[in-house]
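To keep things clear, I will list the structure first and then write my remarks on it.
The values are calculated or read from the model by the stated rules, or taken from the named source; none is laboratory data. What you see is a predicted model, and the numbers here were worked out from it, not measured in a lab. Heads up, the Cβs are rebuilt from the backbone with ideal geometry, glycines too, and the neighbour counts pull from every protein chain shown. What goes into the accessible areas is simple: the full protein's heavy atoms, side chains included, and nothing from ligands, DNA or RNA. Shrake-Rupley method; radii C 1.70, N 1.55, O 1.52, S 1.80 Å.
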Amino acid sequence: RLNTLMRDLGYPTGKLFPEIERQILDRKVEQFVLMGNELLPTRAGYGSRRIYHCQFPFPANLERSAIEAGLRNLAHYERVVVNSEFTRTAYRLGLSELGVGDFPIDIIAPPVQMVAAGPNAPEKENIILMIGRFSPNGHAKRQDILVDAMRLAARTKALPGWRAVLCGMVPNDKASIAFYESILHDIEGLPIEVVLSPSRSQLEQWMLRAKIYVSATGTGVTAAKDFAKCEHFGITVVEAASAGCIPVVYELGGPADIVDHLGVGHRFSR
């Protein structure tokens with residue numbers, strides 16, 4: 001998080017681990033959890049019980065020596081923990097490509113704050129909601145997909161009286177700023193509102209007012225090599241569903257698992 005903040009402010013990022021690890025060496029560690037975005041852990045860890053929490057096995061072009069070191073590190077862990085069935089599938093595929101067979105992989109979904117409708121909750125409106133950063137990078141939230149759908153609906157008069165609301169922040173990089181400006185240009189004349197950098201309370205109000213929540217991250221992805229572009233879990237999907245929204249999600253990714261688990265909502269493909 002510190003590195004992300006420093007990068008957004010334009011400062012060079014540093015390495016914090018060496019000093020922290022020196023402190024760990026002087027202590028008795030019973031349980032150790034390493035969190036990473038790599039298929040293979042970057043260190044062997046400490047203590048008698050070791051868990052590797054992989055947020056997602058993002059692709060990496062590693063030399064053979066780095067892969068062998070990562071496999072040795074992995075052998076020191078008793079199990080891997082991931083956030084969804086989708087992420088577990090991606091992790092298993094990654095291991096199989098390295099010739100690794102069965103390895104214990106458990107799913108622990110991230111904690112989600114429910115959005116319960118209280119006595120003063122607003123009435124539901126004909127609103128289609130999308131929440132996420134405006135950026136074309138990484139597993140992009142793909143606001144452009146909802147914009148295209150609303151443009152088609154306006155042309156065919158398929159959704160009279162409905163509007164879309166796009167909530168999110170804009171990362172401080174040229175590509176994200178350009179993407180955000182393109183969205184503003186494309187929504188001209190359409191029943192679409194942009195809410196920039198909303199507070200938590202504002203987001204909850206929009207969830208309570210909206211009838212439909214859309215998650216379009218990963219739209220167009222079909223091959224396993226591109227799974228990193230999909231939503232890995234989908235916290236806002238769960239939050240919106242708890243507020244009474246019907247989730248409409250892309251067919252690949254954590255949100256599709258959520259729809260299946262809840263038995264509410266719809267998948268779409270493209």
message: open to solvent by 10 Å² or more (accessible area, probe 1.4 Å), on the phi < 0 side of the Ramachandran plot, of a type in the set (A, V, I, L, M, F, W, C) and touching a Phe, Trp or Tyr at 6+ places or on another chain (Cβ under 9 Å): is that true of Ile183 in this structure?
response: no
query: Restricting to the stretch 211-270, what's the tally of residues that are aliphatic (A, V, I, L, M), within 22 Å of Pro122 (Cβ to Cβ) and open to solvent by less than 50 Å² (accessible area, probe 1.4 Å)?
result: 8
query: So which strands (runs of 3 or more DSSP E) are wholly in the stretch 133-252 and hold at least 3 residues that are within 21 Å of Gly265 (Cβ to Cβ)?
result: 163-168, 212-215, 246-250
task: Kindly provide the set of residues from the stretch 122-143 that are of a type outside the set (D, E, K, R), within 19 Å of Leu252 (Cβ to Cβ) and in contact with a strand residue (DSSP E or B) (Cβ under 9 Å, 6 or more places away or on another chain), ordered by number.
output: Met130, Gly132, Gln143
- prompt: Assuming Gly161 fulfils every condition listed in (1) over 24 Å from Val238 (Cβ atoms); (2) of a type outside the set (Ser, Thr, Tyr); (3) open to solvent by less than 50 Å² (accessible area, probe 1.4 Å) apart from one, which condition is it?
  reply: (3)
